[in-house]
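The values are calculated or read from the model by the stated rules, or taken from the named source; none is laboratory data. These numbers come from a predicted model, not from an experiment. Here the Cβ positions follow ideal geometry from the backbone for every residue, glycine too, while neighbour counts run over all protein chains shown. With ligands, DNA and RNA removed, areas are computed over all heavy atoms of the protein, side chains included. Shrake-Rupley method; radii C 1.70, N 1.55, O 1.52, S 1.80 Å.
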Amino acid sequence: MNQKQKGIQTYGLWLLDIICIFSTYQIATLLRFNSNNDWGNRSLHYMVVVIFILFSTLYSFFRDWNGNFMKRGYFDEFIAITKYIVVMFAVSLTTVFFLQWAYILSRIVIINFAWMNFLMTYIVHQLYKKFLLKIYDNEMLASQVVVVAEKELMQSTIEQLLDQTKDQSYHIVGAAYADVKEVDTTSAPEQIHGVPVFAGYKNLTEKMITLPFDEVFINAPTLPREYISPMIKGFKEMGVTCHYSLDIPEFGDSSKAGMFGTYNVISYVGPEYSYKKMFVKRLIDILGALVGLFFTVIITIFLAPAIWLEDRGPIFFSQVRVGKNGRRFRIYKFRSMYRDAEDRLKDLQSQNEMSGLMFKMENDPRVTKVGKFIRKTSLDEFPQFLNILKGDMSLVGTRPPTEKEFEQYNEHYRRRISMTPGLTGMWQVSGRSDIEDFDEVVKLDLEYIDNWSLKLDFKILFMTVGAVFASKGAK
């Protein structure tokens, strides 16, 4: 879906949803009260509608719940609208309650408003979908596309495009082999899923001059440049849009075209996250860090004397760790080990209970008595809220490795630091004390990176709180 189509769909649905909210609230209120004079404070009623509309706007553009609108069937549409209505009413009515406007609302109005808004939104969405499909089906309005592909790839290319164009405003009107000199044009053209293959690459653009089409899609990854350049030059000369696929099948579909300096490039990237959602994640990190640092100050008052009295050592422990994409930063914790812990590590390597690059020992003799308590209760982690506030870490992420561990990484392991490390993460809430293989840690971290969402972050945070209160900390 191009940006123009995306805009028509997104803003069209947003406007229709607002109309549904305003209309159904008006109807529900009129059904409850005999006349407009019975409404009470009319201004507050309209302010309540504004709250609902404001939430609808935020939900539409930040949640982007209509991103897959054209691909949703009747049941999927039902589920999507149900989630939207439930969340909208929960948040909006809570806001109205705290603003002390709830006294003007009638339960009958709210109940009628809820089911009428759901019903109207569902019907309007279905009608709008049919309207968009009708526009996409109109040959005068739809973009006409010709596919040029290698013979071996032609069928799969057409099948994939046909499957993807069901909800797009363009039609495939013809195809041509990019690696066949000539196709017999005196007989009926070959048909692939109803798409005629009408010519080979020789003098291709000349043969297509009289054919009505707007765009060309070329999929010929193994053909040399001397085959492709004349085609693209000819299509540009004709004034039609030409799309040249740079996808390499072995690397999947995680690519995007753009500029690097003055060069045209195809960029293969990892999971891409919405900048809006990442902004929200950072905002939550800052708020969480400020709250966490407040409690850290209080905890320090009690822990500092206990840590110092046990061996007269420093209160805090700091160590260089590896953050996002190899950036170094200094992590902070309450000290839970004796001062010579790092020097004694090499003598304990033979007792490592972890397979791989991490070190874990259940009854580690380097841990102090106070250290055992603060580890079990996870109190030793609280100073890391300073790292979160600075941006070195996040509330939820992957475990930041030590420099020594990082030096032994391979390409697969390194991908786990492609995201900002976190105070907690998938590994911590998945039975970290029971995991004995570093590859399992990596697997959990990569699962988090590949499936990241704000919802997953909140889930991990709640699970972390539960694990802490259940004393399921590190051993």
When Phe113 is evaluated against the numbered criteria (1) of a type in the set (A, V, I, L, M, F, W, C); (2) in a helix (DSSP H, G or I); (3) under 32 Å from the mean Cα position of the chain (by Cα); (4) modelled with pLDDT of 85 or more, which criterion, by number, is the only one it fails? (3)
From Glu152, Glu206, grab the single residue that is outside any strand (DSSP E or B) and modelled with pLDDT of 85 or more. Glu152
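So, in the stretch 388-403, of the ones that are farther than 19 Å from Met426 by Cα and part of a helix (DSSP H, G or I), which residue ends up modelled with the lowest pLDDT?
Going through the stretch 388-403, the residues farther than 19 Å from Met426 by Cα turn out to be 389-391, 403.
In the following step, the residues that additionally are part of a helix (DSSP H, G or I) were identified as 389-390, 403.
Values: Leu389: 94, Lys390: 91, Glu403: 87.
Top of the filtered list is Glu403.
Within the stretch 131-143, does at least one residue satisfy the condition of being more than 38 Å from the chain's Cα centre (by Cα) and either modelled with pLDDT under 75 or of a type in the set (A, V, I, L, M, F, W, C) (or both)? Step through it out loud before you land on a result.
Filtering the stretch 131-143 for residues more than 38 Å from the chain's Cα centre (by Cα) gives none.
No.
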Taking Arg327 as meeting all but one of (1) modelled with pLDDT under 90; (2) out of contact with any helix residue (DSSP H, G or I) (no Cβ under 6 Å at 6 or more places or on another chain); (3) under 19 Å from Asp380 (Cβ atoms); (4) surrounded by 11 or more Cβ atoms within 10 Å (Cβ to Cβ), write down the number of the exception. (3)
With the checklist (1) modelled with pLDDT of 90 or more; (2) among the polar types (S, T, N, Q); (3) more than 30 Å from the chain's Cα centre (by Cα) in hand, flag the one item Gln126 doesn't pass. (3)
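Do the conditions hold for Ile79, that is, is it under 23 Å from the mean Cα position of the chain (by Cα) and assigned to a helix (DSSP H, G or I)? Step through it out loud before you land on a result.
Numbers: under 23 Å from the mean Cα position of the chain (by Cα): yes; assigned to a helix (DSSP H, G or I): yes.
Considered against the rule, which asks whether it is under 23 Å from the mean Cα position of the chain (by Cα) and assigned to a helix (DSSP H, G or I), Ile79 comes out as yes.
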Name the residue, out of Ile284, Ile228, Ile266, Ile248, that is at pLDDT 80 or above and more than 20 Å from the chain's Cα centre (by Cα). Ile228
Here are the criteria: (1) among the small types (Gly, Ala, Ser); (2) closer than 18 Å to Tyr11 by Cβ; (3) buried (at least 19 other Cβ atoms within 10 Å of the Cβ). Tell me which single one Gly67 does not satisfy. (3)
Report, by residue number, each residue of the stretch 70-94 that is in contact (Cβ under 8 Å) with a residue 40 or more places away in the chain, surrounded by fewer than 16 Cβ atoms within 10 Å (Cβ to Cβ) and closer than 21 Å to Ile110 by Cα. Phe78
Quick test for you: out of Asp340, Asp364, pick the one residue that is at pLDDT below 90, open to solvent by less than 30 Å² (accessible area, probe 1.4 Å), among the acidic types (Asp, Glu) and within 19 Å of Lys404 (Cβ to Cβ). Asp364
Of these, Leu309, Leu345, which one is in a helix (DSSP H, G or I), under 26 Å from Asn363 (Cβ atoms) and free of Cβ contacts under 8 Å to residues at least 12 places away in the same chain? Leu309
Filter the stretch 412-424 down to the residues that are under 15 Å from Phe438 (Cα atoms) and of a type outside the set (Ser, Thr, Tyr) and list them by number. His412, Arg414, Arg415, Arg416, Ile417
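Given the structure, is Pro221 over 16 Å from Val145 (Cβ atoms) and modelled with pLDDT under 80? Show your work before the answer.
Values: over 16 Å from Val145 (Cβ atoms): yes; modelled with pLDDT under 80: no.
No: the conditions fail for Pro221.
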Let me spell it out: the conditions are (1) closer than 26 Å to Asn363 by Cα; (2) touching a Leu at 6+ places or on another chain (Cβ under 9 Å), and Arg415 meets all of them except one. Which number is the exception? (1)
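Do you know which residues across the stretch 299-338 are among the hydroxyl-bearing types (Ser, Thr, Tyr) and more than 14 Å from Asp392 (Cα to Cα)?
Going through the stretch 299-338, the residues among the hydroxyl-bearing types (Ser, Thr, Tyr) turn out to be 300, 318, 332, 336, 338.
Within the stretch 299-338, Thr300, Ser336, Tyr338 qualify.
Would you say Leu444 is buried (at least 18 other Cβ atoms within 10 Å of the Cβ) and without any contact (Cβ under 8 Å) to a residue 24 or more places away in the chain?
On the way: buried (at least 18 other Cβ atoms within 10 Å of the Cβ): yes; without any contact (Cβ under 8 Å) to a residue 24 or more places away in the chain: yes.
Judged against the criteria, Leu444 is a match.
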May I ask you to list the residues in the stretch 404-437 that are modelled with pLDDT of 85 or more, touching a strand residue (DSSP E or B) at 6+ places or on another chain (Cβ under 7 Å) and assigned to a loop (DSSP other than H, G, I, E, B)? Met419, Thr420, Gly425
Among the residues of the stretch 393-413, what is the count of those that are open to solvent by less than 10 Å² (accessible area, probe 1.4 Å) and over 19 Å from Leu345 (Cβ atoms)? 5
Do you know which residues across the stretch 267-306 are assigned to a helix (DSSP H, G or I) and either in contact with an Asp or Glu (Cβ under 8 Å, 6 or more places away or on another chain) or polar (S, T, N, Q) (or both)? Lys281, Ile284, Thr296, Thr300
Under the condition of being in a loop (DSSP other than H, G, I, E, B) and surrounded by 12 or more Cβ atoms within 10 Å (Cβ to Cβ), which residue from the stretch 158-181 is modelled with the lowest pLDDT? Asp167
